[in-house]
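*Asks:* Below is a structure I'd like to ask you about.
The values are calculated or read from the model by the stated rules, or taken from the named source; none is laboratory data. None of these values were measured; they are calculated from a predicted model. Neighbour counts are summed over all protein chains in view; Cβ atoms, including those assigned to glycine, are modelled from backbone coordinates with ideal geometry. To get the accessible areas, we keep the full protein, side chains included, count just its heavy atoms, and leave off ligands, DNA and RNA. Shrake-Rupley method; radii C 1.70, N 1.55, O 1.52, S 1.80 Å.
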Amino acid sequence: MKILVLGGGGREHAVAAALARSPRVDKIWCAPGNGGIAAVAECVPVKATDLDGVLQFCLQNRPDLVVVTPDDPLALGMVDLLEEHGFAAFGPRKNAAVIEGSKSFAKDLMARYGIPTAGCRIFDDMEAALAYVSGCPVPVVVKADGLALGKGVFICQTRAEAQDAVRAVMGERLFGDAGARVVIEEFLTGPEVSVLCFTDGETIVPMPAAQDHKRAFAGDRGPNTGGMGAFTPVSCYTPAIARQCMDSIFLPTIRAMKAEGREFRGVLYFSLMLTEDGPKVIEYNCRFGDPETQAVLPLLRSDLLEIMLAVREGRLKTVPVEFDGKACCCVVMASGGYPGSYRKGLPVFGIEGAEKLGCTVYQAGTERKDGMLVTSGGRVLGVSAVAGTLKDAVDLAYRGVWRIAFYGAFYRQDIARKDPAVHRSASAETPAAAAPKARVDWS
Ligand code: AMP
Ligand code: GLY
């Protein structure tokens, strides 16, 4: 089969590499791809958000399946468009992708179907939002309603900060129309986990839970990024919690979407906080996570293509979805200055050395120039390592990282370090245990 993967980051590299392992795959294209994806797929210079460009490519090359990986083409209705023209596409349709594209939609869905999440208020009017935050309990979380490249969330310690956030989102339109509406949310505490699930709208199969590291610097300090590393398994996501999530969150969510006439087929990613009151949804994403995918897919034993076809055709329960019970750690190496401004075009050395150790290097911000691999983005690559224990996976990933060099490269030194499986002497007090006890009525 011929497959087109849309996107060009580390996640797409991991998806393309997993698809390439399928005996039924003859050819993979990736639009636009990157310098690393070029090893497993033919990169084509079409943007993942270019609806017409992708359609024209499909009309000329007739892929058997188009995997729509990033959120923005999904929100734009790429799957609907391709299906209208007779192409098979993996990913939710526009009316289901809204579960990520509109936080107010997601909050309303959860409220109506009793799915646990942070209490919230939603405002379309800036003055009303300002009036509300001038008297609300703090800390409080201010979120732009729409897609904002993961940057539209403000954790505000004071009411003044919350007012500034409301003004930035609604008044200055820092994220454009994504800020026409704000969601003002109760501040939750507890460990966070990402659970990516395959679902055909009826059956839902979770992948091993992973944890992302969103802040730029060690100790969860510094600005938010697209994700500086991820690992799996996550010790605090116990089998009992996993069952609870299935019963109170995962199944109710896909049933709710179906009941709303928005059947979700694709990967539904639950960003969860394990609070003292049980697991709660922080947000939904309508796609694979980045860099969680680079930590989870290396453990997939089953054929990703078969799973994707089954998801599309509504027969997920008929195919095996098996992961080996190992651990995986992915450490992201970024350009100096990221997530602010950074230089591009810097040569990258040592990937083969990391691979010789047994690591897999998923490339994100790279390109080939005059036969040389150079940096082309903020997050340059992710070094993933699989091992029998999390500790060994983390050690191997860092040994791989130390083999790789480019000018100004930086990475977090503490990926997975909070997990007791890696470092038992880490503080026994989890964020959940440290949660403020005061209760606030958000109804
Ligand atoms: P999001 O883009 O919605 O995943 O939010 C980014 C980050 O903000 C999350 O990973 C959380 O760490 C934090 N966050 C979002 N919502 C809340 C909340 N209600 N309480 C505490 N932290 C939150
Ligand atoms: N890991 C965060 C995201 O993919 O949105």
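*Asks:* Leaving out ligands, DNA and RNA, and with a 1.4 Å probe, what % of the accessible surface on the chain is carbon or sulfur?
*Replies:* Values: 9260 of 18140 Å².
The C+S portion of the solvent-accessible surface of the chain is 51 percent.
*Asks:* Further question: Suppose every K and R has +1 on its Cβ and every D and E has -1 on its Cβ; what is the size of the dipole of the chain about the Cα centre, in Debye to the nearest 20?
*Replies:* Using only the charged Cβ atoms, the result is roughly 740 debye.
*Asks:* Continuing with the same structure: Any idea of the accessible area per residue across segment 47-87, 1.4 Å probe, to the nearest Å²?
*Replies:* On the way: 1690 Å² over 41 residues.
That works out to 41 Å² per residue.
*Asks:* Further question: Check Asp419: other-chain or 5+ apart residues with amide H under 5 Å from its amide H, H built from backbone geometry?
*Replies:* HN-HN under 5 Å from Asp419: empty list.
*Asks:* Can you list residues from other chains, or at least 5 along the same chain, whose modelled amide H is less than 5 Å from the amide H of Leu196?
*Replies:* Counting only residues 5 or more places away or on other chains, the set is Met207, Ala210, Phe270.
*Asks:* I've got another one for you. For Val67, enumerate residues with amide H under 5 Å from its amide H, sequence gap 5+ or separate chain, H modeled in the peptide plane.
*Replies:* Amide H neighbours of Val67: Leu4, Val5, Leu6, Phe90.
*Asks:* Let me ask something else. From the phi of every residue in segment 191-203, what ³J(HN,Hα) in whole Hz does the Karplus formula 6.51 cos²θ - 1.76 cosθ + 1.60 yield, where θ is phi - 60° and glycine or proline is x?
*Replies:* x, 9, 9, 10, 10, 8, 10, 7, 8, 9, x, 10, 9
*Asks:* Quick one: Karplus J couplings for segment 340-357, per residue in order, coefficients 6.51, -1.76, 1.60, θ = phi - 60°, nearest Hz, x for Gly and Pro?
*Replies:* Taking θ as phi minus 60°, the curve returns x, 7, 8, 7, 10, x, 8, x, 10, 10, x, 4, 4, x, 5, 5, 5, 5 Hz for segment 340-357.
*Asks:* Using a 1.4 angstrom probe, figure out how much accessible area segment 287-379 has per residue, in square angstrom, rounded to the nearest whole.
*Replies:* Working: 3780 Å² over 93 residues.
Accessible area per residue, segment 287-379: 41 Å².
*Asks:* Pick out which of Tyr113, Tyr284, Tyr398 has the largest mean-square fluctuation in a Gaussian network model of the chain, springs linking Cα atoms closer than 10 Å.
*Replies:* The residue with the greatest mean-square fluctuation here is Tyr113.
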